[in-house]
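Chemist: There's a structure below that I have some questions on.
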Amino acid sequence: MKTFEFHRASSVEEALNYAAQPGARFLAGGTNLVDLMKCDVERPSAVVDINRLDLSDIEPTPTGGVMIGALATNTAVANHPLIRGKYPVLSHAILSGATTQIRNRATAAGNLMQRTRCRYFMDPALGVCNKRRPGSGCAALAAHHREHAVFGASPSCVAVHPSDMAVALTSLDATIHIRGDGGVRTVGIDDFFRLPGQRPDIDNAVRPGELITGIELPARSASRAGWYLKVRDRHSYAFALVSVATVVEIRDGVVVDAAIALGAVAATPWRVPAAEHLLRGNPPSRPVFEAAAAAALAGAQPLPHNGFKVDLGVHSVVRALTSAAEAP
């Protein structure tokens, strides 16, 4: 492991000051960063411990939504009465991921910032990786890519984002609050994650030296019926092959609003507005759900080893929508 400086920040301002050093990384739960440092994938010049910052509250907003502090643990978010009562799809998604011990340490912002679990990224001994070393190549393209992307990939990278929480946040139209030297800015969840393009090493909209301070859930997404479905090789402690977060609002027997977000199919949580449009104004019936599911997976470009994800995704969307429509 490369030698690094260690700083313990007592305020956001102090944390930003420490993070101004090139190559600095923030440390919260450490459930991803520390692993990557051990594997010699992440080699920070400085590690800034932010656990003392006052960013762990989960509170209602004046507009009727909820603000989740960046340092709130995954366990705290999943079990908070405001989240369980108003945004149950988020609670379902978080509880489907990792182990209890990891959820007790991992933070809300850290969950969004985690890197891909592509084996070629995680283990330098297995092959080249443009995400780890830009311009070196993508070993997954010509080797094992069963778990990889069917949407939004590029010749530079076919990895997928591993977060369950991010998929649910996408279905809820969350907003990310980010603090930097220039002040506070907000980024919608749809614009937060980046597709690989020619720069797969850049995962999201957070700039060097910036710090996520909170995740805001809008009031308009509150109390709508939702469901999170995670399909994986084994029931416990496995990353998704395909996941679906659905949120629907039904009035007088008709779907008046809906959101569908797919996980484990791209480098970002994947939404297809055309699929959501097919639901609105129609009864919550199986034919309508099947049409929306087909639209959600239309345009997929699978690799030789992961074509099964397309059919799996269609059936998963139908099942998730059915469960959401039947939810109390």
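The values are calculated or read from the model by the stated rules, or taken from the named source; none is laboratory data. Source: prediction; values computed, not measured. Neighbour counts run over all protein chains shown; Cβ positions are idealised from the backbone, glycine included. We work out accessible area using only protein heavy atoms, side chains counted, and drop any ligands, DNA or RNA first. Shrake-Rupley method; radii C 1.70, N 1.55, O 1.52, S 1.80 Å.
Chemist: Determine if segment 275-282 includes at least one residue that is of a type in the set (Asp, Glu) and assigned to a strand (DSSP E or B).
Modeler: no
Table: residues versus (1) in contact (Cβ under 8 Å) with a residue 12 or more places away in the chain; (2) outside any helix (DSSP H, G or I); (3) β-branched (Val, Ile, Thr); (4) farther than 27 Å from Asn51 by Cα.
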position	(1), (2), (3), (4)
Ile83	yes, no, yes, no
Leu90	yes, no, no, no
Arg103	yes, no, no, no
Gly110	yes, no, no, no
Arg117	yes, yes, no, no
His144	yes, yes, no, yes
Phe151	yes, yes, no, yes
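Chemist: Whether any residue in segment 242-262 is aliphatic (A, V, I, L, M), in contact with a strand residue (DSSP E or B) (Cβ under 8 Å, 6 or more places away or on another chain) and part of a loop (DSSP other than H, G, I, E, B) is what I want to check.
Modeler: Checking segment 242-262: not a single residue is aliphatic (A, V, I, L, M), in contact with a strand residue (DSSP E or B) (Cβ under 8 Å, 6 or more places away or on another chain) and part of a loop (DSSP other than H, G, I, E, B).
Chemist: Which condition breaks for Val265 when tested against (1) closer than 30 Å to Ala140 by Cα; (2) outside any loop (DSSP other than H, G, I, E, B); (3) of a type in the set (Val, Ile, Thr); (4) open to solvent by less than 10 Å² (accessible area, probe 1.4 Å)?
Modeler: Unmet condition: (2).
Chemist: Also, I was wondering about something else. Among the residues of segment 1-34, which ones are within 24 Å of the chain's Cα centre (by Cα) and open to solvent by 70 Å² or more (accessible area, probe 1.4 Å)?
Modeler: Within segment 1-34, just Arg25 meets the criteria.
Chemist: Taking Ala300 as meeting all but one of (1) in contact (Cβ under 8 Å) with a residue 60 or more places away in the chain; (2) in contact with a helix residue (DSSP H, G or I) (Cβ under 7 Å, 6 or more places away or on another chain); (3) open to solvent by 30 Å² or more (accessible area, probe 1.4 Å), write down the number of the exception.
Modeler: Tallying (1) in contact (Cβ under 8 Å) with a residue 60 or more places away in the chain; (2) in contact with a helix residue (DSSP H, G or I) (Cβ under 7 Å, 6 or more places away or on another chain); (3) open to solvent by 30 Å² or more (accessible area, probe 1.4 Å), Ala300 fails exactly one: (3).
Chemist: A follow-up question, please. Within segment 157-175, take every residue that is in a loop (DSSP other than H, G, I, E, B) and β-branched (Val, Ile, Thr) and give me the one that is farthest from His92 (Cα to Cα).
Modeler: Residue satisfying both the conditions and the ranking: Val158.
Residue by residue, here is whether (1) small (Gly, Ala, Ser); (2) in contact (Cβ under 8 Å) with a residue 60 or more places away in the chain; (3) more than 14 Å from Ser171 (Cβ to Cβ) holds:
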position	(1), (2), (3)
Pro269	no, yes, no
Val272	no, no, no
Leu279	no, no, no
Glu290	no, no, yes
Ala294	yes, no, yes
Val314	no, no, yes
Val317	no, yes, no
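Chemist: If we scan segment 182-200, do we find a residue that is touching a strand residue (DSSP E or B) at 6+ places or on another chain (Cβ under 6 Å) and in a helix (DSSP H, G or I)?
Modeler: Among the residues of segment 182-200, at least one is touching a strand residue (DSSP E or B) at 6+ places or on another chain (Cβ under 6 Å) and in a helix (DSSP H, G or I), which makes the answer yes.
Chemist: Does Asp190 fit the bill of being touching a residue at least 60 places away in the same chain (Cβ under 8 Å), surrounded by fewer than 16 Cβ atoms within 10 Å (Cβ to Cβ) and touching a helix residue (DSSP H, G or I) at 6+ places or on another chain (Cβ under 8 Å)?
Modeler: yes
Chemist: Within the group Phe289, Phe308, which residue is aromatic (Phe, Trp, Tyr) and over 19 Å from Val89 (Cα atoms)?
Modeler: Phe308
Chemist: While we're looking at this one, here's another question. Out of the residues in segment 111-146 that are among the charged types (D, E, K, R) and over 21 Å from the mean Cα position of the chain (by Cα), state the one that is nearest to Asp40 (Cα to Cα).
Modeler: Within segment 111-146, the match that is nearest to Asp40 (Cα to Cα) is Asp123.
Chemist: Within segment 35-45, restricting attention to residues that are surrounded by 17 or more Cβ atoms within 10 Å (Cβ to Cβ) and touching a Pro at 6+ places or on another chain (Cβ under 9 Å), which residue is nearest to Ala70 (Cα to Cα)?
Modeler: Here the residue is Met37.
Chemist: Let me ask something additional. Going by the conditions given, is Val318 part of a helix (DSSP H, G or I) and out of contact with any Lys or Arg (no Cβ under 8 Å at 6 or more places or on another chain)?
Modeler: no
Chemist: Which one of these is assigned to a strand (DSSP E or B), modelled with pLDDT of 95 or more, within 13 Å of the chain's Cα centre (by Cα) and over 26 Å from Asn306 (Cβ atoms): Ile178, Ile215?
Modeler: The unique qualifying residue is Ile215.
Chemist: I'd like to know if segment 236-246 contains one or more residues that are closer than 22 Å to Gly65 by Cα and of a type in the set (A, V, I, L, M, F, W, C).
Modeler: Yes, there is a match, as at least one residue in segment 236-246 is closer than 22 Å to Gly65 by Cα and of a type in the set (A, V, I, L, M, F, W, C).
Chemist: Across segment 280-297, which residue is most open to solvent (accessible area, probe 1.4 Å) among those that are over 30 Å from Gly197 (Cβ atoms) and in contact with a Ser or Thr (Cβ under 9 Å, 6 or more places away or on another chain)?
Modeler: If we take residues in segment 280-297 being over 30 Å from Gly197 (Cβ atoms) and in contact with a Ser or Thr (Cβ under 9 Å, 6 or more places away or on another chain), then Arg286 is most open to solvent (accessible area, probe 1.4 Å).
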